[in-house]
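J.: Before I ask anything, here is the structure I am working with.
The values are calculated or read from the model by the stated rules, or taken from the named source; none is laboratory data. This structure is a prediction, so every number in the text was calculated from the model and none was measured. Cβ placement follows ideal geometry from the backbone for every residue including glycine, while neighbour counts extend to all protein chains displayed. Accessible surface areas use protein heavy atoms only, side chains included; no ligands, DNA or RNA. Shrake-Rupley method; radii C 1.70, N 1.55, O 1.52, S 1.80 Å.
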Amino acid sequence: METMPCHNQRVGSADAPRQQQQQAGATDRDQDCSEQAVTGSGVGSGVVSRQLRFSEPGPGGDSPSPDSSSCCSGGGGCSCSGSNGGGPDTAPSPTLDLPAAAAPRLKLLPMNDQIRELQTIIRDRTSSRGDFVFSADRLIRLVVEEGLNQLPYTECTVTTPTGYKYEGVKFEKGNCGVSIMRSGEAMEQGLRDCCRSIRIGKILIQSDEDTQRAKVYYAKFPPDIFRRKVLLMYPILSTGNTVIEAVKVLIEHGVQPNVIILLSLFSTPHGAKSIIQEFPDITILTTEVHPVAPTHFGQKYFGTD
């Protein structure tokens, strides 16, 4: 009777007759398994996972991080090394020179292998559009869920079908979303999936051809937006100029910066610093602060690249 092989052990070598495998297989495999257990060369070898959220760009200029060499370039099928589940992030935070009171306004999603893989697929230029959109929608959903977690809530008591009284919470009413066109519209469905009846406004901001400065071309909000808390959606923060102009428009409509939560997927240190220096009370929620932002996001998401 044949014994089951150890993990990562080749089954049925071509240069060994089947009869020899049946006779000596059990002993050899047991010995191999024992050696693997001692040397730690199997699955439980304790390989340290490298997770670097903040890093400098590689020599190519658009490299997502020094870890890019350990990632496959096959789009959705990528499997990064060290993905067996690493510990907490050990990479230091970037120095943004923010005021002490404003620094807590920049919030990052806790890094894990799922988020890291989604970031990798989005940054990978060889990713198909299908993989790109699928990964972007997943990452958007994670950011939106965490953004909703920043909103105020009140305690409540409900009755379960079995008659049990359950002490829970419910979010306060008076929230809305605002997307900065065009790339911000990619985040609208993620917000609607979480809040079916939420109202969403839009702002169109483009660079002026003569001055190259951000200029507001269109803005439409709920009429009572000044009473609402605003989830401002813009996936890529590069210079921060577009978001700064959008916040100025919201302020003109009576919205206070301290009720604005900016939902973003990627940000550069310069972009985050510019926004918080201009509006210290605004909250920025993103997944990564990196010197190189995937500025191709809008074009690839909507298929115009």
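J.: What residue, among those in segment 156-193 that are open to solvent by 40 Å² or more (accessible area, probe 1.4 Å) and in contact with a Lys or Arg (Cβ under 8 Å, 6 or more places away or on another chain), is farthest from residue 222 (Cα to Cα)?
T.: Checking each candidate, the answer is 159.
J.: OK, next. Give the residue, chosen from 169, 178, that is over 17 Å from residue 232 (Cα atoms) and assigned to a strand (DSSP E or B). Working first, answer last.
T.: Working: 178 fails: over 17 Å from residue 232 (Cα atoms).
Result: 169 is the single residue among 169, 178 that is over 17 Å from residue 232 (Cα atoms) and assigned to a strand (DSSP E or B).
J.: Applying the selection to segment 120-147, what residues are open to solvent by 20 Å² or more (accessible area, probe 1.4 Å), of a type in the set (Val, Ile, Thr) and either without any contact (Cβ under 8 Å) to a residue 24 or more places away in the chain or assigned to a helix (DSSP H, G or I) (or both)?
T.: The initial filter retains those residues of segment 120-147 that are open to solvent by 20 Å² or more (accessible area, probe 1.4 Å), namely 120, 123-126, 128-131, 133-134, 137-138, 141-142, 145-146.
Then drop every residue that is not of a type in the set (Val, Ile, Thr), which leaves 120, 126, 133.
Matches in segment 120-147: 120, 133.
J.: With a cut-off of at least 2 residues that are more than 30 Å from residue 110 (Cα to Cα) and open to solvent by 10 Å² or more (accessible area, probe 1.4 Å), name the strands (runs of 3 or more DSSP E) lying wholly within segment 198-286.
T.: Values: elements: 199-207, 214-220, 229-233, 260-263, 283-286.
Here the list reads 199-207, 214-220.
J.: Quick one: residue 151 ticks every box in (1) in contact (Cβ under 8 Å) with a residue 60 or more places away in the chain; (2) surrounded by fewer than 18 Cβ atoms within 10 Å (Cβ to Cβ); (3) closer than 19 Å to residue 267 by Cα bar one, so which box is it?
T.: Among (1) in contact (Cβ under 8 Å) with a residue 60 or more places away in the chain; (2) surrounded by fewer than 18 Cβ atoms within 10 Å (Cβ to Cβ); (3) closer than 19 Å to residue 267 by Cα, the lone unmet condition for residue 151 is (3).
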